[in-house]
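Every number in this text was worked out from the coordinates using simple rules, so none of it is lab data. This one's a predicted model, so the numbers in the text were calculated from it and none came from an experiment. Cβ coordinates were reconstructed from backbone atoms using ideal geometry, including for glycine residues, and neighbour counts include every protein chain displayed.
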Amino acid sequence: MNLSSPAPVAVALDAPDASTMVRWAALVGSHVSHVKVGLEVYLRDGAPAVHQVREASPSTQVFLDLKLHDIPATVAGAARSVAHLEPHILTVHAAGGAAMIEAAAQALPNTLIAGVTILTSLSDEDLRHIGMQGSSAECVVRLARLAVQSGARALVCSAQEVALVRDAVGTSVLLITPGIRPAGSSADDQARVATPASALAAGSDLLVIGRPITGAVDPASAAQAIAAEILAR
């Protein structure tokens, strides 16, 4: 594999302020394929955050992680409102249903709409408490099928379900895996975590990594080390 290529990693830029976000983006951009702008940053800084990230890291794709979840008309309108930002990926909650996912996909045909299945912070016990039937793996596969049938071209699931999801939806769907922690790292608030190597071996296409990179003393070196480990596989 070409070690000069960016690694299939989306760095979560969950920064406390815009200047920190821009600094992180500039530091990691040469090592990874995507930078992820999440809900906290977008609600605080708005569309300018995406423009600033692009300027700081022009070679990376933008992953806009807003996890939209509302009635179809509202989600379609929200998706159209970010069309000018041209995100490569935009997330919606698969639990929003078929019509909602379809509305997002139709509103942004040039963006990969990613259906978020079950959050990696949720355990089987958490799912029982909110009334979800079956294990986390069963819920993930059920929502994955629904999302793809409704127009999603990407899915978000933990590494523990990647192989099952791949079997369920085929090879054309981009599988995105959050909750990635290099060996020896803290799980923080994630319930279902995996190392980069194990997630890729299971079939993930894009790894979401935040604090192990952005919380490092030297984020650039942390990103480079993770990228080198991945690309050397």
Check which residues have an amide H placed less than 5 Å from residue 195's amide H, if you skip close sequence neighbours.
181
Let's test this: bin the Cα-Cα distances of the stretch 1-126 at 5 Å from zero up to the farthest pair and state each bin's percent.
2, 11, 20, 21, 18, 15, 9, 4, 1
Cβ charges +1 (Lys, Arg) and -1 (Asp, Glu), total dipole of the chain, debye:
340 debye
At a Förster distance of 41 Å, what's the computed FRET efficiency of residue 23 paired with residue 80, Cβ-Cβ distance as r, to 0.05?
0.85
Rg ratio (alpha-carbon, reference 2.2 N^0.38 Å) - the stretch 68-137
1.23
Using amide H atoms built 1.01 Å from N in the peptide plane, name the residues 5+ places from residue 116, or on other chains, whose amide H lies under 5 Å from its own.
92, 93, 94, 156
Only four residue types carry charge here, +1 at the Cβ of Lys and Arg and -1 at the Cβ of Asp and Glu. Report the dipole size of the stretch 14-110 about the Cα centre in Debye, rounded to the nearest 20.
100 debye
Calculate the all-directions average of the projected area of the stretch 9-60's alpha-carbon convex hull, and give it in nm².
2.8 nm²
Inter-probe distance in nm under a simple model that places probes 7 Å from Cα toward Cβ, at residue 51 and residue 98
4.1 nm
Log entry: pair-distance distribution for the stretch 80-205, C-alpha pairs binned every 10 Å from zero, whole % per bin is 14, 43, 33, 10, 0
Quick check: pseudo-label points 7 Å beyond the Cα along Cα→Cβ at residue 106 and residue 231, how many nm apart are they?
4.2 nm
Take the Cα atoms of the chain, find their three principal axes, and give me the spread along each one in whole Å, biggest first.
42, 37, 33
